[in-house]
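Below is one structure, written out as structure tokens; the observations come after it.
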Amino acid sequence: MPTAAVATGPLARYWAKRDFAVTSEPRGETAPPGEALSFVIQKHAASRLHYDFRLELDGVLISWAVPKGPSYDPADKRMAIHVEDHPLSYGTFEGTIPPKQYGAGTVIVWDNGTWEPVGDPNEGITKGKLVFRMHGQKMAGLWELVKIAKGGEKQEPWILFKKRDEFARPKAEYDVVRALPDSVIAKPLPTRAPRTTTALKSAAPVVKKASKRASSRADSIVPGAVQAPLPDKLTPQLATLATGVPLTGTWLYEIKFDGYRIMARIDKGKATLVTRGGHDWSAKMPGLVKELEQLGLQSAWLDGEIVVLGDNGAPDFNALQKSFDHRTSSAGIVYFLFDVPFFGGYDLRNVELVHRRQVLRTLLEDKGTEHVRFSADFEADPASILTSAGTCQ
Ligand code: MN
């Protein structure tokens, strides 16, 4: 397209600010919407670090620049400057915008996923009050954007904040931009070429030795894995990071739900079962410890939930509680594993959940053992994980 052409439409301002002969940012076009509306949050180290918060609507990304980024604390009102719409193809852009170009600096995709407006989103944007639900890798639950002043049509100040729901957390407890600073876009392992089989093998040499079964179908890539010693403890907050979802403390899992959240630490082949509160429950469930050790893993943290399945096949919380009254009856407990934050000398917490679960599935040979099972109920999207955890029976 000749640069002299007069650009019109929602992306006109976006195009006008950029020289696409120089920057590697996409020119883009308005696009028909997909089935779900996408969002992206880009962390942009320009002259001042900020987070570009972009929601797909009507074929473009409606955009705000949020200097401090999002906060899960509803009391934190974050300034969000309404900026020009961006093309949908901008949603996967990562790279360095050259010096002297508009927005010069590096851009990473800090989070992405889908969003759902509550009410009519066009009306919300016009009126300056947009409530929406996010289904990202880091962002979840209900959020709100409110216009706080009319600033002409450019650079309108809005605020972004978390609505109160089960995802909200005080900032003192959890600061998502500090806890999860990195890109969500898969990167090759630093140590080896990202060729599928070798990648998992190089991430998990001990499994290869310990269990031929486990490595024989190791066909996942694990981009984002970093070498790290196995931590002695995973605190509830770290467990939270492990799933990439800001679960609040002990909510559904331990309070009103059907099971107990339990993490398993495996070190030199020996398994320990730990509650979210950090208590060692191995002695309460010797059968599970034994089955975990039979998986042949040398080093791992696994995350899951123990339940007792009732006659109808659904988790029965009363039966679970009773099984701790008499040690012998703990034999009926089933441990559903849904995550593997550490494995084989690697910290996997920055690996995309979908890839971690693929690793876990491989380790469990798809199904696991009689009492240690892969939880097929927990799908890759954090929101659906919570939905299935929170609502099944
Ligand atoms: Mn920016």
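At a probe radius of 1.4 Å, what is the per-residue accessible area of Ser323, in Å² to the nearest 10? Its accessible surface works out to 10 Å², give or take rounding. About its Cα centre, the stretch 84-146 has a charge dipole of approximately 160 debye under the convention of +1 per Lys or Arg Cβ and -1 per Asp or Glu Cβ, with nothing else charged. Each of Pro98, Gln42, Phe132 was placed along the dipole of the stretch 2-150 (beta-carbon charges, centred on the mean Cα), and the one lying farthest toward the positive end is Pro98. Ranked by solvent-accessible area (1.4 Å probe, protein heavy atoms only, all chains present), the residues Ser24, Ser299 order from largest to smallest as Ser24, Ser299.
Lysine pairs in the stretch 74-158 with alpha-carbon atoms under 20 Å apart, 8 or more places apart or on different chains: how many are there? Here the count comes out as 11.
Karplus-derived 3J(HN,Hα) values for the stretch 290-301, using 6.51 cos²θ - 1.76 cosθ + 1.60 with θ = phi - 60°, are 4, 5, 4, 5, 6, 5, x, 7, 9, 8, 6, 10 Hz; glycine and proline are entered as x. Less than 5 angstrom separates the built amide H of Glu352 from none of the residues sequence-distant by 5 or more or on a different chain.
In this structure Leu57 has an accessible area near 10 Å², from a 1.4 Å probe over the protein heavy atoms.
In a simple Cβ point-charge model (Lys, Arg +1; Asp, Glu -1; nothing else charged), the stretch 12-179 has a dipole of about 680 debye relative to its Cα centre.
Only protein heavy atoms count here; under a 1.4 Å probe, Phe374 has an accessible surface of about 20 Å². Among the trypsin sites (Lys or Arg not before Pro) in the stretch 39-83, those placed in a DSSP loop whose Cβ has at most 12 other Cβ atoms within 10 Å are Arg48.
Report, by chain and number, residues whose modeled amide H sits under 5 Å from the one on Leu61, excluding near sequence neighbours (fewer than 5 apart, same chain). Distant-sequence amide H within range of Leu61: His86, Leu88. Cα gyration tensor of the stretch 12-179, axes a ≥ b ≥ c as square roots of the eigenvalues: rounded (a/c below 1.5), prolate (a/b > b/c) or oblate? It is prolate, given that a/c is not under 1.5 and a/b is the larger ratio.
Each residue of the stretch 95-108 was assigned a 3J(HN,Hα) from its phi angle through the Karplus curve 6.51 cos²θ - 1.76 cosθ + 1.60 (θ = phi - 60°); the sequence is x, 10, 7, x, x, 6, 7, 4, x, 3, x, 9, 10, 10 Hz, with glycine and proline shown as x.
Close amide-amide hydrogen proximity is noted between Glu156 and His82, each under 5 Å apart and 5 or more residues distant or on a separate chain (H modeled in the peptide plane; Pro and chain starts excluded). In order along the stretch 115-121, the phi-based Karplus estimate (6.51 cos²θ - 1.76 cosθ + 1.60, θ = phi - 60°) of 3J(HN,Hα) comes to 9, 10, x, 9, x, 7, x Hz; Gly and Pro are listed as x.
The values are calculated or read from the model by the stated rules, or taken from the named source; none is laboratory data. In this text the structure is predicted, and so the values were computed from the model without any measurement. Glycine also receives a Cβ, built like all others from the backbone with ideal geometry; neighbour counts cover every protein chain displayed. What goes into the accessible areas is simple: the full protein's heavy atoms, side chains included, and nothing from ligands, DNA or RNA. Shrake-Rupley method; radii C 1.70, N 1.55, O 1.52, S 1.80 Å.
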